[in-house]
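The values are calculated or read from the model by the stated rules, or taken from the named source; none is laboratory data. It should be emphasised that the depicted structure is a prediction, and the values quoted were computed from it without experimental measurement. For neighbour counting, all protein chains shown are included, and Cβ atoms are generated from backbone atoms with ideal geometry for every residue, glycine included. In case anyone asks, the SASA skips ligands and DNA or RNA and just uses the protein heavy atoms, side chains included. Shrake-Rupley method; radii C 1.70, N 1.55, O 1.52, S 1.80 Å.
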Number of protein chains: 2
Amino acid sequence: MDMQVSFLDRLFDAGLLIETGVEGLYGRSGEFEGVIAAFERLIDRTGGEDGAEAIRFPPGMNRAFFEKSGYMKSFPQLAGTVHSFCGCELDHISLLKCMEEGGDWTEGQKATEIVLTPAACYPLYPTVAKRGALPAGGGLYDLQSWCFRHEPSNDPARQQLFRMREYVCMGTEAKVTEFRQLWMDRGVKMMQDVGLSVEIDIANDPFFGRAGKLLANNQRDQSLKFELLIPVTSDVKKTACMSFNYHQDAFGAKWGLALEDGSVAHTACVGFGLERIALALFAAHGLDTKDWPDNVRTVLWG
Amino acid sequence: MDMQVSFLDRLFDAGLLIETGVEGLYGRSGEFEGVIAAFERLIDRTGGEDGAEAIRFPPGMNRAFFEKSGYMKSFPQLAGTVHSFCGCELDHISLLKCMEEGGDWTEGQKATEIVLTPAACYPLYPTVAKRGALPAGGGLYDLQSWCFRHEPSNDPARQQLFRMREYVCMGTEAKVTEFRQLWMDRGVKMMQDVGLSVEIDIANDPFFGRAGKLLANNQRDQSLKFELLIPVTSDVKKTACMSFNYHQDAFGAKWGLALEDGSVAHTACVGFGLERIALALFAAHGLDTKDWPDNVRTVLWG
């Protein structure tokens with residue numbers, strides 16, 4: 001039996017995830033949410049003394065910034081644009097007639113100025129750039145948001161709408177690569193503290209098409225992306241539960257992020273896939289949090 | 001000076017809301033989020049003993065359920081459908097060319113199976129119906145989700161993406177109308193406890209077009225909707241921060257929600273507009289939570 005389907009069915013049966021009829025789109029029970037909240041408190045305790053500025057962006061971002069980001073070049077298949085009905089009363093009558101006849105009424109929808117946020121840090125770069133040069137020492141930001149990726153799947157660890165917690169660092173190359181290493185070490189320790197077996201590996205983003213293969217190879221060759229892998233639905237094909245990304249000065253140059261001395265900022269981000277971490281915990285320790293090992297419960301709930 | 005713009009500018013200047021370049025789409029500071037989290041704990045303390053089942057749906061819902069809900073009949077102008085690129089590599093080349101030339105690349109996007117959630121309770125009804133008849137005594141649910149409404153505005157209390165906390169009751173007419181009255185009383189007391197001046201008034205939903213006026217009048221004539229109003233940007237035109245809705249057996253009949261004896265369930269929901277409540281608190285007590293009255297701080301932060 002397919003391990004992914006089997007685990008998803010067990011999550012449905014236990015009521016931890018709730019079917020909606022769309023693959024990768026699920027409701028969450030109070031118990032599932034409690035695990036995510038507890039793990040976020042662990043993140044807060046781990047990173048809380050670093051003085052990051054907390055910002056929470058909504059699940060959608062400005063389409064103009066999304067376009068400028070180049071996301072449609074690299075991952076067009078994953079993006080979600082938000083469209084609305086912008087017609088008059090006569091158009092509305094046609095729309096309802098189309099729906100009644102089972103036609104494709106969505107063709108008349110017009111793109112709004114909003115695109116679903118593809119990763120928690122996408123809205124950050126233009127926001128920080130607008131403030132002017134970074135303060136001395138650079139910038140550190142604490143983000144969390146719902147993210148959308150259009151990749152329907154019956155793997156519970158591959159959802160279309162999910163939450164990502166991120167820290168983003170802007171500064172010199174030395175500063176942001178040190179930040180990335182710090183969080184690789186912290187990430188491994190955090191996962192070990194909650195009883196998960198982890199490994200860190202070099203990785204690449206899912207660039208689109210044949211041209212994308214070159215970008216992926218380049219990313220790997222330069223060690224720009226690492227992932228923290230944990231078994232969720234498979235011990236062989238493990239799930240990336242954190243990622244550690246060094247953007248060099250690519251985002252700094254694109255958005256005009258300047259250091260105090262006027263030079264282009266380097267940036268790095270570390271992301272926690274909150275649903276994936278919760279799923280890894282349920283996979284490792286069982287579907288009832290009351291039965292989890294005492295040491296894990298103590299780390300999560302004190 | 002326009003009071004709405006003035007308050008929005010003050011919120012930007014204080015860093016509580018963060019501009020994104022799109023009206024009604026804002027980032028939130030850590031302090032703003034802290035107010036929402038504190039008010040949600042007050043909701044938890046108020047309703048926590050009622051034994052509601054907590055479910056958290058993502059910001060999007062199954063389009064098939066959305067279509068069946070009739071939302072496009074009543075509020076087509078507010079809905080947001082999610083669209084994606086579904087083409088091949090050649091299509092991708094055309095897409096990028098279109099973007100480069102400043103064309104409308106969004107026309108090629110195809111509707112996915114996902115629509116942005118218009119109100120926190122919309123995904124609940126089909127979910128509960130699928131379980132079969134309600135248990136004896138009916139059902140009570142505790143929801144919170146991001147909601148989307150396409151109504152760009154410079155009123156900070158009218159955002160395109162915002163969070164709604166809801167309790168939903170399913171049962172006999174007597175049970176659900178008693179539930180609604182209970183929360184009207186609780187809502188008034190909660191707002192008074194945090195130092196807000198409130199009034200409750202009969203209300204109607206923003207139905208589309210001329211035909212919608214009849215629906216709105218009918219809703220008012222039957223007292224199906226009440227709102228709890230608080231001054232945010234204006235003492236004259238107050239802002240609805242909670243709503244109390246009795247659906248009669250309309251949702252029960254549409255979704256097949258049955259009571260234990262097989263009769264059609266009546267339903268009611270009460271909703272908290274979390275951003276609006278936070279904004280009402282900032283408008284009443286000032287933009288720095290440290291300066292808020294001691295009794296208000298005690299209710300929110302103990």
- [ ] Taking the options B:Leu257, B:Leu300, B:Leu287, B:Leu274, name whichever one is of a type in the set (A, V, I, L, M), within 24 Å of the chain's Cα centre (by Cα) and open to solvent by 30 Å² or more (accessible area, probe 1.4 Å).
- [x] B:Leu287
Task: segment A:34-60, subset more than 27 Å from B:Val82 (Cβ to Cβ) and among the small types (Gly, Ala, Ser), residue farthest from the other protein chains (Cβ to nearest Cβ) - done: A:Ala38
Open item on the list: Between B:Arg163, B:Arg186, B:Arg180, which is assigned to a strand (DSSP E or B) and touching a strand residue (DSSP E or B) at 6+ places or on another chain (Cβ under 9 Å)?
Closed with: B:Arg163
- [ ] Would you check which residues across segment A:61-88 are within 23 Å of A:Ala211 (Cα to Cα) and either more than 7 Å from every other protein chain (Cβ to nearest Cβ) or not in a helix (DSSP H, G or I) (or both) and list them?
- [x] A:Phe66, A:Lys68, A:Ser69, A:Gly70, A:Tyr71, A:Ser74, A:Phe75, A:Leu78, A:Ala79, A:Gly80
Open item on the list: Suppose the filter is open to solvent by 10 Å² or more (accessible area, probe 1.4 Å), more than 9 Å from every other protein chain (Cβ to nearest Cβ) and either at pLDDT 95 or above or in contact with a Ser or Thr (Cβ under 8 Å, 6 or more places away or on another chain) (or both); does A:Gly137 pass it?
Closed with: no
TODO: Would you check which residues across segment A:195-222 are over 30 Å from A:Phe39 (Cα atoms), open to solvent by 50 Å² or more (accessible area, probe 1.4 Å) and either polar (S, T, N, Q) or touching a Pro at 6+ places or on another chain (Cβ under 7 Å) (or both) and list them?
DONE: A:Asn217, A:Asn218, A:Gln222
Open item on the list: Tell me whether segment A:18-31 contains one or more residues that are over 30 Å from A:Gly209 (Cβ atoms), assigned by TED's automatic domain parsing to the domain that holds A:Met164 and of a type in the set (A, V, I, L, M).
Closed with: yes
- [ ] Scan A:Glu173, A:Glu166 and give me the residue that is closer than 15 Å to A:Val270 by Cβ and either outside the structural domain of A:Lys238 (by TED's automatic domain parsing) or of a type in the set (D, E, K, R) (or both).
- [x] A:Glu166
Open item on the list: Being in a helix (DSSP H, G or I), over 20 Å from the mean Cα position of the chain (by Cα) and either at the interface with chain A (Cβ under 9 Å from one of its Cβ atoms) or among the β-branched types (Val, Ile, Thr) (or both) is the requirement here; does B:Glu31 meet it?
Closed with: yes
- [ ] Within segment A:3-22, work out how many residues are closer than 19 Å to A:Met164 by Cα and either within 8 Å of another protein chain (Cβ to nearest Cβ) or not hydrophobic (A, V, I, L, M, F, W, C) (or both).
- [x] 0
TODO: Determine whether segment B:166-176 contains at least one residue that is in contact (Cβ under 8 Å) with a residue 60 or more places away in the chain, open to solvent by less than 20 Å² (accessible area, probe 1.4 Å) and either facing another protein chain (nearest Cβ under 7 Å) or not in a strand (DSSP E or B) (or both).
DONE: yes
- [ ] Mind listing just one residue for me: the one in segment A:91-127 that is polar (S, T, N, Q) and part of a helix (DSSP H, G or I) and, of those, farthest from A:Leu161 (Cα to Cα)?
- [x] A:Ser94
Open item on the list: I'd like to know if segment B:44-53 contains one or more residues that are assigned by TED's automatic domain parsing to the domain that holds B:Ser243, open to solvent by 20 Å² or more (accessible area, probe 1.4 Å) and part of a loop (DSSP other than H, G, I, E, B).
Closed with: yes
Task: Cross-chain or 6+ apart pairs with Cβ under 6 Å, segment B:100-123 first and within 14 Å of A:Thr112 (Cα to Cα) and open to solvent by less than 10 Å² (accessible area, probe 1.4 Å), then assigned to a loop (DSSP other than H, G, I, E, B) and among the small types (Gly, Ala, Ser) - done: B:Leu116/B:Gly80
Open item on the list: Here are the criteria: (1) modelled with pLDDT under 95; (2) within 20 Å of the chain's Cα centre (by Cα). Tell me which single one A:Asp235 does not satisfy.
Closed with: (2)
Task: Enumeration of residues in segment B:22-43 that are farther than 26 Å from A:Ser29 by Cα and open to solvent by 60 Å² or more (accessible area, probe 1.4 Å) - done: B:Glu23, B:Glu31
- [ ] Give me a count of the residues in segment A:200-216 that are more than 22 Å from the chain's Cα centre (by Cα) and away from every other protein chain (no Cβ under 14 Å).
- [x] 0
- [ ] Go through B:Trp146, B:Trp183, B:Trp105 for me and flag whichever is within 20 Å of B:Ile43 (Cβ to Cβ) and within 13 Å of chain A (Cβ to nearest Cβ).
- [x] B:Trp146
